[in-house]
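Peer 1: Below you will find the structure I want to go over with you.
The values are calculated or read from the model by the stated rules, or taken from the named source; none is laboratory data. Because the structure is predicted, anything quoted here is derived from the model rather than measured. Heads up, the Cβs are rebuilt from the backbone with ideal geometry, glycines too, and the neighbour counts pull from every protein chain shown.
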Amino acid sequence: MTEAFVVVQSAEEAVDRLAALHERATGALNRALKQYLKDRVEPDAEQRALFRYPELRLTYHCHGEVPQTTRAYAKVQLPGTYSVTVTHPAAFRKYLLEQLVPLMHDFTVTVEVGVSEQNIPYPYVVEQGDELAGSGVTAATLARVFPSTDLSAATDGIADGLYDWENTDPLPLALFDAARVDFSLRRLVHYTGSDWRHVQPWILLTNYHRYVDQFILHGLEQLRSDPRFIRMVLPGNVVIDKAMDHGEASAIAAGVVWHRYQMPAYHLQASDGHGVTLVNIGVGPSNAKNITDHLAVLRPHCWLMIGHCGGLRQSQTIGDYVLAHAYMRRDGILDRVVPPNIPIPALAEVQMALQQAAANVTGEKGEELKKRLRTGTVLTYDDRNWELRWAQERPLPWTWKAAPLPPRVIACGFRTAPCCAYRTNRYTAKSSCRVRPTRFMSVQSAST
């Protein structure tokens, strides 16, 4: 297979070639690594040349006006060349096709696929860390022989709006390149205790184990009653198959050693790909930013945060559900890339969907529903014991009880726009959630 860039005629051909180049590169690196661990034979220059990510390159030939589209993804706004390195194209095939098919249909573009200059770090082809154990070779030695991780090359400059658009050629084709994606995929395995391929596009985040217990009970019930759901994958890649009887499944779930992992994840998988993942992220806004920075590379459709926070108004009662339509941020987590003066709005479509869901579940509407479902401004705070210092603050309609646990939310023009917050007031506790949109890849101009 040639390493040169080849013009492809369809999105399917592009993804096929990306997958073939990636498989060749990772296979060559894996074989060379195993040979070195066994015989201490270093790869030669010809072999090293194979250890590189495939690259997707797109050139936009603008003839007249730029075609109009309401999509927030799969579009170009300026003529020029755009490129991105790609990892695991076979796993991301559906996503890549969703981006490339409309892009190639609506715009006059030339799409090429070839081998990039970006090396694949050797840790990213080692599926299990114990493969290196007992070899007598240190990580420092391997880093001298094989391409190793370079954190200076895995940044969020594009997603955070810090990219130098004026002096770059080619321009970036996506928010995350291959090295950044691989970095996050390995972090997800480390934190959640399960293979990143198990993560579903609909994600729940929580910091209360009782929600985990309820999710497991719900998942086992769905496996019995809904033919769409086929299995549950628990921390440690423990699988509960649909064919198991309820007693066996419950015993397996009860025996999972979830506490080995910092942010254990539970995956209810569906045959149509629209399953649900729950991640217990622990307490603190930095934890929330951490895990969502990594989940972002999987291009999830949305995520919701389910936690607790406190309410300040006397009109609030235990059990109130609140759709937050605005945020006042005092947590400081995103201030470096999104100053507090930049508003973070809720997404109206999601707000409406959650309101309708509350109406469907409760059977209430109008004024009766308003007694249970409220809207207001939420203050996110990084002080777990904010109650002790609240005398110096001016109360807002709603506030957090503990550390705010905001997911990785970035205002328009950055990584993604936050969509909503949904909170349940339980005296000094509420349940909260946020959603983020499904699309991440978009060819942006310097003005966006």
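Peer 1: Let me confirm something: among Ala270, Ala288, which residue is closer than 28 Å to Glu349 by Cα, crowded, with 21+ Cβ neighbours inside 10 Å, within 21 Å of the chain's Cα centre (by Cα) and among the hydrophobic types (A, V, I, L, M, F, W, C)? Before the answer, list the steps.
Peer 2: Numbers: Ala270 fails: crowded, with 21+ Cβ neighbours inside 10 Å.
Exactly one residue qualifies, and that residue is Ala288.
Peer 1: So which residues in the range 39-59 are without any contact (Cβ under 8 Å) to a residue 60 or more places away in the chain and of a type in the set (Asp, Glu)?
Peer 2: Asp39, Asp44, Glu46
Peer 1: Further, regarding this structure: Go through (1) outside the structural domain of Glu46 (by TED's automatic domain parsing); (2) more than 21 Å from Val126 (Cβ to Cβ); (3) of a type in the set (Phe, Trp, Tyr) for Phe183 and report which single condition fails.
Peer 2: Exception for Phe183: condition (2).
Peer 1: Can you pull out every residue in the range 326-356 that is in contact with a Ser or Thr (Cβ under 8 Å, 6 or more places away or on another chain) and among the hydrophobic types (A, V, I, L, M, F, W, C)?
Peer 2: Of everything in the range 326-356, those that are in contact with a Ser or Thr (Cβ under 8 Å, 6 or more places away or on another chain) and among the hydrophobic types (A, V, I, L, M, F, W, C) turn out to be Ala326, Met328, Ile333.
Peer 1: Have a look at Pro300, Pro345, Pro339 and point out the one that is under 28 Å from Gly275 (Cα atoms), in a loop (DSSP other than H, G, I, E, B) and modelled with pLDDT of 85 or more.
Peer 2: On the way: Pro345 fails: modelled with pLDDT of 85 or more; Pro339 fails: under 28 Å from Gly275 (Cα atoms).
Criteria check complete, one pass: Pro300.
Peer 1: If you don't mind, another one. For the range 348-371, name all the residues that are of a type in the set (D, E, K, R) and not in a helix (DSSP H, G or I). Outline the logic, then answer.
Peer 2: So the first thing to find is which residues in the range 348-371 are of a type in the set (D, E, K, R), and the list is 349, 364-365, 367-368, 370-371.
If the condition is that a residue be of a type in the set (D, E, K, R) and not in a helix (DSSP H, G or I), then Glu364, Lys365, Lys371 are the ones that fit.
Peer 1: Further question: Quick one: how many residues across the range 150-168 are among the aliphatic types (A, V, I, L, M), touching a strand residue (DSSP E or B) at 6+ places or on another chain (Cβ under 8 Å) and surrounded by fewer than 17 Cβ atoms within 10 Å (Cβ to Cβ)? Spell out the reasoning first.
Peer 2: The first filter runs over the range 150-168 and keeps only residues among the aliphatic types (A, V, I, L, M), leaving 151, 153-154, 158-159, 162.
Next, only the ones that are touching a strand residue (DSSP E or B) at 6+ places or on another chain (Cβ under 8 Å) stay: 153, 158.
When the remaining residues are screened for being surrounded by fewer than 17 Cβ atoms within 10 Å (Cβ to Cβ), the result is 153.
Qualifying residue count for the region: 1.
Peer 1: Here is a further query. Conditions: (1) within 22 Å of Asn207 (Cβ to Cβ); (2) at pLDDT below 95. Gly273 meets all but one. Number of the miss?
Peer 2: Result: Gly273 fails condition (1) only.
Per-residue answers, yes or no, for (1) within 15 Å of Asp213 (Cα to Cα); (2) part of a strand (DSSP E or B); (3) out of contact with any helix residue (DSSP H, G or I) (no Cβ under 9 Å at 6 or more places or on another chain); (4) not assigned by TED's automatic domain parsing to the domain that holds Lys370:
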residue	(1), (2), (3), (4)
Gln269	no, yes, no, yes
Asn287	no, no, yes, yes
Leu323	no, yes, no, no
Ala326	no, yes, yes, no
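Peer 1: If you don't mind, another one. What are the pairs, 6+ residues apart or on separate chains, where a residue within the range 137-149 that is within 16 Å of Ala32 (Cβ to Cβ) has its Cβ under 9 Å from a residue that is of a type in the set (A, V, I, L, M, F, W, C) and loosely packed, with under 13 Cβ neighbours inside 10 Å?
Peer 2: Ser148/Ala139
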